[in-house]
Amino acid sequence: MEKLTLEEIVDVNIPTGIPLVYEFSGDGRVIGKEYLGDPRVVQAKMAKVAAQGNTARDNSVQEIIAGKPQDTKRRLNRYKMRNIIN
């Protein structure tokens, strides 16, 4: 919908449990968006999501962006296992 690039999507921090409302133009383009709720709560939840970043995941995403996904599957599996165990 928002036509984000891979570089842009890495920086998206969607807060859990907060409704996001999109506004569309007549031809279906996104012209606005806003989270419903107290802006301070939304910002706090976005910061929490951002803090969950993981070096292995971040490196894997950067490898994909750089076109070097050789090690990506192993790194993502290791990331998933850490999050299941923790």
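Every read-out reported here was derived from the displayed coordinates using simple, explicitly stated rules and does not represent laboratory data. These figures come from a predicted structure and were not determined experimentally. Note that we place each Cβ from the backbone using ideal geometry, even for glycine, and neighbour counts take in every protein chain shown.
Miscellaneous remarks
- The order of the peptides 25-31, 8-14, 42-48 by mean Cβ neighbours within 10 Å, most packed first, is 42-48, 8-14, 25-31.
- Neighbours of residue 2, meaning other residues whose beta-carbon lies under 11 angstrom from its beta-carbon, give a summed charge of +2 when Lys and Arg score +1 and Asp and Glu score -1.
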